[in-house]
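Input: a single structure, listed below in structure tokens.
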Amino acid sequence: MRLLVARTGFGWLLAAGLVSLTGDWVMRVGLTYVVYELTGSTLASATALMASLVPQLVFGSLAGVYADRWDRRRTMVVTNLLLAAGLLPLLAVHDRHQVWIVYLVTAAQSALSQFFIAAEAAVIPQLVPAESLVAANALNGQARDVARLAGAALGGLTAALGGLPLLAVVDIASFTLAAALLLRLRTPARDHERGTRPHVLRDWADGARVAAASPALRVVLLFVVITGVGEAVMGSLMAPFVRDVLHADATRYGIIVAVQAGGGIAGGLVAAAVGHRWPPRRIAGWGAVAFGVVDLALFLYPLVVDAWWPAAVIILLAGLPGALAIAGLLTVFQRHTTDAYRGRVFGAANALQAGAMLAGATGAGLLGDRLGIVPVIAVQGAGYCLAGAIVLVLLRPGKEPAAGVTSTVDTRPHVRPMS
């Protein structure tokens, strides 16, 4: 509660994220339905997913450069307004021959959102004290789960009531309201912003050297790659798992998805309340291991029990370790980067995650039919166990300075005066 009412406006950042993410989930769920309804093709739905991942891979790292050079509050406000305007072409989509417009809009939205994501991740340590970072990251993750729960429920209803035009209007409204809320932020001035402009390639290289020079950040990036593959595998095969392995219908699939979001909400509350009591390294490592074990139980129990309801119970239990793992990992990242480099390092992680997810989605598509759903989807749980163990073994406790403070390489930002 102290974080939510702080004068810096962290509560406004949280509220803006909740509003815009709810609109995103309304659009994501509804758009999947509408595209399939227009085309009758699963390939068309998969193409829409690829259209969102490729820009993340291309622009994720680039966006981090600008997040470190531009005013972050202004970046988030302007990005939300551009995202709202970018949805207007969807109002012109009425039949299957215009689906290409959906792909272009999806790609443009994904590219723009990378600037918001990098700026948001970099601005949180400016808004909250260091000892409250775990709680702040947990609350931010909880807002995402609330948005997922509400948006997923509203997405299908919105699509049924008004189709793609109504989906676009709802998401436009959410971005506009989020921009208004972000105007209430009070971010401190950053000296390296004044009188400089980004030199993209040099600044990007500086960020890459900072990440490479820090053992802690190398571990974070490895964690992101391993779990990114698993998340894409699960995202691709969860619906087939529920249908063909659990023998459950669409209604029960919806229940499992809703329970998953509910578990994340509860886990976020616990993580925000008690996460500060343990080192972020231990929270991230043990949280990831526990999450992986629970997920392995979820994917393997149908080998001995023929029932769908244990899936709902198990996925609910996964909420707590999942929330702890993400909050802990974000805090490790934030504590091992200085403000001047945080956006670039986060952008690099975001791009690596997109590449890993593309690989995971491709592998799931190619191997799911050949090896079976259960052996392939179990990779997600095993990946989290491996990633958590890597954090616990390689991320030794110590007083390593934040990346960018000291290094054996020249990590000073290469900037030129404004002309």
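The values are calculated or read from the model by the stated rules, or taken from the named source; none is laboratory data. These numbers were taken from a predicted model, which means no experiment stands behind them. Note: ideal-geometry Cβ built from the backbone for every residue, glycine included; neighbour counts use all protein chains shown.
Screening SER214 with (1) surrounded by fewer than 20 Cβ atoms within 10 Å (Cβ to Cβ); (2) more than 30 Å from THR362 (Cα to Cα); (3) hydroxyl-bearing (Ser, Thr, Tyr) gives one miss only, at (1). For segment 296-312, filtered to residues that are among the hydrophobic types (A, V, I, L, M, F, W, C) and surrounded by 14 or more Cβ atoms within 10 Å (Cβ to Cβ), the residue that is nearest to LEU139 (Cα to Cα) is ALA312. I'd like to check something: does segment 2-23 contain any residue that is of a type in the set (A, V, I, L, M, F, W, C), modelled with pLDDT under 80 and more than 22 Å from GLN142 (Cα to Cα)? Looking for residues that are of a type in the set (A, V, I, L, M, F, W, C), modelled with pLDDT under 80 and more than 22 Å from GLN142 (Cα to Cα), one finds none in segment 2-23, hence no.
Conditions tested, residue by residue: (1) closer than 22 Å to GLY235 by Cβ; (2) touching a strand residue (DSSP E or B) at 6+ places or on another chain (Cβ under 9 Å); (3) modelled with pLDDT of 80 or more.
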{"residue": "PRO375", "(1), (2), (3)": "yes, no, yes"}
{"residue": "CYS385", "(1), (2), (3)": "yes, no, yes"}
{"residue": "ARG396", "(1), (2), (3)": "no, no, no"}
{"residue": "PRO417", "(1), (2), (3)": "no, yes, no"}
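The residues in segment 65-85 that are over 19 Å from LEU185 (Cβ atoms) and surrounded by fewer than 21 Cβ atoms within 10 Å (Cβ to Cβ) can be counted, and the count is 1.
Candidates ILE326, ILE314, ILE377, ILE373: the one that is β-branched (Val, Ile, Thr) and more than 28 Å from SER110 (Cβ to Cβ) is ILE314. Restricted to segment 90-103, and to residues there that are assigned to a helix (DSSP H, G or I) and touching a residue at least 24 places away in the same chain (Cβ under 8 Å), the residue that is farthest from the chain's Cα centre (by Cα) is ARG96. Only one of the numbered conditions (1) under 18 Å from the mean Cα position of the chain (by Cα); (2) over 20 Å from GLU37 (Cα atoms) is not met by LEU177, and that is (1). Pairs meeting the criteria (first residue in segment 335-355 and over 15 Å from ALA111 (Cα atoms), second residue buried (at least 22 other Cβ atoms within 10 Å of the Cβ) and hydroxyl-bearing (Ser, Thr, Tyr), beta carbons under 6 Å, at least 6 apart or on different chains) are HIS336/SER214; VAL345/THR337.
Okay, residues lined up against (1) surrounded by fewer than 24 Cβ atoms within 10 Å (Cβ to Cβ); (2) within 27 Å of ARG202 (Cβ to Cβ); (3) out of contact with any Pro (no Cβ under 6 Å at 6 or more places or on another chain):
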position: ALA323; (1), (2), (3): no, no, yes
position: ARG342; (1), (2), (3): no, yes, yes
position: GLY372; (1), (2), (3): yes, no, yes
position: ALA378; (1), (2), (3): yes, no, yes
position: GLY381; (1), (2), (3): yes, no, yes
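Would you tally the residues in segment 48-89 being over 20 Å from ALA205 (Cα atoms) and either in a helix (DSSP H, G or I) or assigned by TED's automatic domain parsing to the domain that holds ALA351 (or both)? Selection size over segment 48-89: 24. No other residue among LEU303, LEU317 is closer than 30 Å to PRO279 by Cβ and not hydroxyl-bearing (Ser, Thr, Tyr) apart from LEU317. Pairs are defined by a Cβ separation below 6 Å, a sequence spacing of at least 6 or placement on different chains, a first member in segment 141-159 that is surrounded by fewer than 21 Cβ atoms within 10 Å (Cβ to Cβ), and a second member that is among the basic types (Lys, Arg); no pair meets this definition. Residues in segment 181-196 that are modelled with pLDDT of 65 or more and either under 16 Å from LEU21 (Cβ atoms) or among the hydroxyl-bearing types (Ser, Thr, Tyr) (or both): 3 in all. Considering (1) closer than 30 Å to LEU320 by Cβ; (2) under 18 Å from the mean Cα position of the chain (by Cα); (3) surrounded by fewer than 24 Cβ atoms within 10 Å (Cβ to Cβ), the lone condition that ALA107 does not fulfil carries the number (1).
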